[in-house]
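See below for the structure under consideration.
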Amino acid sequence: MSIEVLGSVYILAAILFVFGLKLMSSPATAVRGNLLSSVGMLMAVLITLTSKEILDYRYLAGAAILGAVVGAIAARRVAMTGMPEMVALFNGSGGIASLLVGWAALYGQESSAFTLITVLLSVLIGGVTFSGSLVAWAKLSETISSGAMTFAGQRVVNVLLLLVLLACSIAMVVNPAYTFPLIFVVIGLSILLGVMAVIPIGGADMPVVISLLNSYSGLAACAAGFAINNTILIVAGSLVGAAGLILTNIMCKAMNRSLSNVLFSGFAATTKATKVEGEVKPITADDAYLILEAASSVVMVPGYGMAVAQAQHVVRELGELLEANGADVSYAIHPVAGRMPGHMNVLLAEANVPYDQLIEMDEINPRIENIDVAIVIGANDVVNPAAREDENSPIYGMPIINVDHARTVFVLKRSMASGFSGVDNPLFFGENTRMLFGDAKQSLSSVIAEFKS
């Protein structure tokens, strides 16, 4: 295959990547953007595999079919509550792939200093991404504790790991004869560093971690592209890395944390919030219906609990009934609601909630005092007033949706358990708060039944 044909297909694939990313900036066009980017990636993979005699095409076809089947089954079977874990595993897969590509680039050719540096970057970032993503998956799935895991001298250990990695890398570049004994040290320490980087991060910060690891996977792929001199891998990796960093920055602002805190794992939840006590005011579905029937403005605030209860469809149905009753209905989305960026947007889109009814935190807060009823559906940390009032709280300073300023607040929860961050929520004891205990889907279905009776 001529270099002109190869370059033309790569350029077309890169255009599809960029155009797809642009379409993903809006929920209305995100599906089309995802499809275009996937087509671009398929073109890039096929043209690369057919243009170079890497392996027998039968092996390549077998591996591609196996990977496609595994990916399709995993994507179809995963529940909406499991999407964050799946994204974490995808990030980890990208990381280990880049590590292996960089490692393989050392064999069969004499490596220049530039090649060695790009190999080291792909191995280092890929290893950190791989093991860090596995720890993130374990925390999200609660296979291990979702809380921050810290020990005395943790930062010193991390700094020592970095220094040893740096020393090994310099030794490899200065004297390539040391490459093969030292590359194994670099691989092992990179994987260990990924574990050490993620374990001190508490559950409330996991959306930022997922976004950051996504960025790392792109940067690792970009470095691997330089290592094997593949243009489209450099382009794709750069786009993923840059997009992930931008999203990480947006998430950091939403959580009132700096990017440097995230990069150096300086946001472990080591402080202890003030103990919260008070009297809870339970409410039944019948009484909730009476209040909602008289409301002229209602805002729904979804959280991870809505995903667990699979309540997004009844949420949309209740919203339609309230609108038919004359109420103004909107859905307030916190940037880090759920356990990954955009988690609530995906769920509400699945239930066909109109995009123009989704309102961001900065837009709803200035007028929340004029809202008759705020319905909190499985959200916790993103509506916790402790983030605004308790300086001892691990989430202090994080912007929240101020539902406690609404005239009445309904909180739908199964119990009084704290959120993913493990921080008690004084909202539950507020004077204007009514707790509607039970499964969110069943509770809302009961309210809907009252509207229809």
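The values are calculated or read from the model by the stated rules, or taken from the named source; none is laboratory data. Note that this is a predicted model, so its numbers are computed, not measured. Note that we place each Cβ from the backbone using ideal geometry, even for glycine, and neighbour counts take in every protein chain shown. To get the accessible areas, we keep the full protein, side chains included, count just its heavy atoms, and leave off ligands, DNA and RNA. Shrake-Rupley method; radii C 1.70, N 1.55, O 1.52, S 1.80 Å.
A few comments on the model shown:
- Estimated vicinal HN-Hα couplings, Hz - the range 379-389 in sequence order (Karplus 6.51, -1.76, 1.60; Gly, Pro = x): 8, 9, 4, 6, 10, 7, x, 4, 5, 9, 10
- Summing Lys and Arg as +1 and Asp and Glu as -1 over all other residues whose Cβ lies under 12 Å from the Cβ of S445 gives a net charge of -1.
- Normalised per residue, the accessible area of the chain is 47 Å², obtained with a 1.4 Å probe and no contribution from ligands, DNA or RNA.
- Distant-in-sequence amide H partners of S297 (H built 1.01 Å from N, under 5 Å): D328, D372, V373
- 13 Å reach of a label modelled at A113, 7 Å along Cα-to-Cβ, counting backbone N of the range 159-182: 170-176
- Solvent exposure of C222, expressed as accessible area, is near 20 Å², computed with a probe of 1.4 Å over the protein chains only.
- Taking amide hydrogens as placed 1.01 Å from N in the peptide plane, the amide H of I359 sits under 5 Å from those of Y331, A332, I333, each at least 5 positions away in sequence or on another chain.
- Per-residue extension of 0.36 nm, minus the Cα-Cα distance of S93 and A152, leaves a gain of 18.1 nm for this segment.
- Whole-Å distance, taken between Cα centres, linking the range 226-261 and the range 150-178: 24
- Gain upon complete extension [A104, V195; 0.36 nm per residue less C-alpha separation]: 30.4 nm
- Percent carbon-and-sulfur accessible area, the range 86-267, ignoring ligands, DNA and RNA, probe 1.4 Å: 74
- Extension reserve of the A79-I144 stretch, reckoned as 0.36 nm per residue once the Cα distance is removed: 21.4 nm
- Summary value for the chain: 14 percent relative contact order, contacts being C-alpha pairs under 8 angstrom separated by 6+ residues.
- Net charge dipole, the range 401-453: roughly 200 debye, given to the nearest 20, about the Cα centre with Cβ charges of +1 for Lys and Arg and -1 for Asp and Glu.
- Using C-alpha pairs under 8 Å with a sequence gap of at least 6, the mean separation divided by the residue count of the range 285-430 gives a relative contact order of 26 percent.
- In the chain, the DSSP-assigned H stretches of four residues or longer account for a calculated mean residue ellipticity at 222 nm of -19500 deg cm²/dmol, using -39500 (n - 2.57) per stretch and the full residue count as denominator.
- Where both bridge residues fall in the chain, DSSP classifies roughly 0% of the beta bridges as antiparallel.
- Annotation for the range 1-84: trypsin sites (Lys or Arg not before Pro) lying in DSSP loop with at most 12 further Cβ atoms inside 10 Å of their Cβ are K52.
- Tensor-based shape of the range 61-150 (alpha-carbon gyration tensor, a/c under 1.5 rounded, otherwise prolate or oblate): oblate
- Measuring nothing but protein heavy atoms, the accessible surface of the range 1-77 at 1.4 Å probe radius is 72 percent carbon and sulfur.
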